[in-house]
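> This is the structure I want to talk about, given as structure tokens.
Values in this text are rule-based calculations from the coordinates and carry no lab data. Remember, it's a predicted structure, so these values are computed and weren't measured experimentally. Every residue, glycine among them, receives a Cβ derived from its backbone with ideal geometry; neighbour counts consider all protein chains shown.
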Amino acid sequence: DDVTKGDYGHFMLKEIYEQSRVIQNTLNGRISAEHVLEESFGVKAKAIFDQITSVQIVACGTSHHAGLITKYWLESIAGIPCHVDIASDYRYRRIIVQPGTLFVTISQSGETADTLAALRYANELSYVASMAICNVATSSLVRESDFSLLTMAGREIGVASTKAFTTQLVALLLMTLVLGRRHGLTEEKESGYVHDLHKLPALVTDVLKQDTAIQQLSIQFADKHHALFLGRGPQYPVAKEGALKLKEISYIHAEAYPAGELKHGPLALVDDRMPVVAVAPNDELLGKLKGNLAEVSARGGKLFVFADESAGFDDEEEYQLIKLPAVPEVLAPILYTIPLQLLSYHVAILKGTDVDHPRNLAKSVTVE
Ligand code: G6P
């Protein structure tokens, strides 16, 4: 039931907990045991995908962060280039369209004024086609795009987007795989990713088991004025999303940085009143990330590390560790987002803010 809070104190918490189910709904009918079912993209999609050699993504807010993660997937898995723009910026500048480019918008509501204006602008340019990743079937964005892939998040009421974001990522990963097929992604590799996707709903449930530990941790944020979120590679957009959630609902100033960029500025801010959150799945950049975190500890920064249990972080004095289950690398951006949603929720509760309706923000921004 989408319009009542049920046993939850807030829609946001309910929507965080719905993620396992709505991710499953977004996968249903779109993957077989081994493959992505391309027919689920609609009748027009195949002929369009055959022509695509690059992707342009445009979105706002949390949906833009989903686009930033997709860039990593498209380039590393599908082997095709991807540009990502903020809609309010894209709509007012001169755009050079590479031949063979698919224009993709991402939006929960499908009514965000800047995203819609960007689509209308793009429809006048020489893109092969426009595709919407959207949560509302009847929205303007879906109607005005050549085709769409719907996220099955159900109605999202909390202003801070949670389940819409993770289902967008699922849809965008499916898109990455069907484009990848045309650019050297083997059947065997595709089925490996599809096997991972089948495990995703259960992994979400596992990650949610850290809720109590994260609630404990949140006490250390409630009296702070600033926080820094660090990640490398596709975890950088995850860090951006974590920082955005904290800003939106707890009103703590939070910034995200690619961990390797610390020494070019943000290290100057680090002291013992600055909580630093690190997103640390066990990926190829882990060694580098550990080096960056040592720089934070050396300056007295308070580190909160969300790490894979196999990542070799020990409970040391300079770290507070939240251990997450070992997860397939491709799914890490989806799964590591969830503890950061919980963190911002619990901090906001401690601060007594209006979690579902944060001040000055709207669920859907339909004016410029
Ligand atoms: C508003 C909402 C955000 C959302 C953004 C884009 O700012 O508060 O949660 O990410 O709009 O919305 P859309 O519906 O286009 O995804």
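> Go through region 22-48 and give me each residue that's part of a loop (DSSP other than H, G, I, E, B) and either surrounded by 15 or more Cβ atoms within 10 Å (Cβ to Cβ) or out of contact with any Ser or Thr (no Cβ under 7 Å at 6 or more places or on another chain) (or both).
Here is the first cut: in region 22-48, the ones part of a loop (DSSP other than H, G, I, E, B) are 28-30, 32-35, 37, 42-44.
Answer for region 22-48, where residues must be part of a loop (DSSP other than H, G, I, E, B) and either surrounded by 15 or more Cβ atoms within 10 Å (Cβ to Cβ) or out of contact with any Ser or Thr (no Cβ under 7 Å at 6 or more places or on another chain) (or both): Asn28, Arg30, Ser32, Ala33, His35, Leu37, Gly42, Val43, Lys44.
> Turning to a different aspect of this structure: Is at least one residue of region 78-88 of a type outside the set (Asp, Glu), surrounded by fewer than 19 Cβ atoms within 10 Å (Cβ to Cβ), within 17 Å of Leu169 (Cα to Cα) and touching a Ser or Thr at 6+ places or on another chain (Cβ under 9 Å)?
Yes.
> Give region 65-89 a look and list any residue that's of a type in the set (Ser, Thr, Tyr) and under 16 Å from Leu331 (Cβ atoms), or say none.
Selection gives Thr70, Tyr72, Ser76.
> Additional query: Of everything in region 345-358, what is under 26 Å from Thr115 (Cα atoms) and more than 12 Å from the ligand (Cβ to nearest atom)? Give them in sequence order.
Step one: filter region 345-358 for residues under 26 Å from Thr115 (Cα atoms), giving 355-358.
If the condition is that a residue be under 26 Å from Thr115 (Cα atoms) and more than 12 Å from the ligand (Cβ to nearest atom), then Val355 is the only one that fits.
> Does region 58-70 contain any residue that is outside any strand (DSSP E or B) and either more than 16 Å from the ligand (Cβ to nearest atom) or under 13 Å from Ala129 (Cα atoms) (or both)? Break it down stepwise before answering.
Pass one, region 58-70, residues outside any strand (DSSP E or B): 60-70.
Of the ones still in play, those that are also either more than 16 Å from the ligand (Cβ to nearest atom) or under 13 Å from Ala129 (Cα atoms) (or both) are none.
Looking through region 58-70, none of the residues is outside any strand (DSSP E or B) and either more than 16 Å from the ligand (Cβ to nearest atom) or under 13 Å from Ala129 (Cα atoms) (or both).
> Go through (1) in a helix (DSSP H, G or I); (2) more than 22 Å from Val330 (Cβ to Cβ) and name the single condition Gln51 misses.
All conditions pass for Gln51, except number (1).
> Quick one: count up the residues across region 351-368 that are buried (at least 16 other Cβ atoms within 10 Å of the Cβ) and either on the phi > 0 side of the Ramachandran plot or of a type in the set (Phe, Trp, Tyr) (or both).
Count: 0.
> Something else: Looking only at residues in region 103-115 that are of a type in the set (A, V, I, L, M, F, W, C) and buried (at least 24 other Cβ atoms within 10 Å of the Cβ), which one is farthest from the ligand (Cβ to nearest atom)?
Looking at the filtered set, the residue picked out is Phe103.
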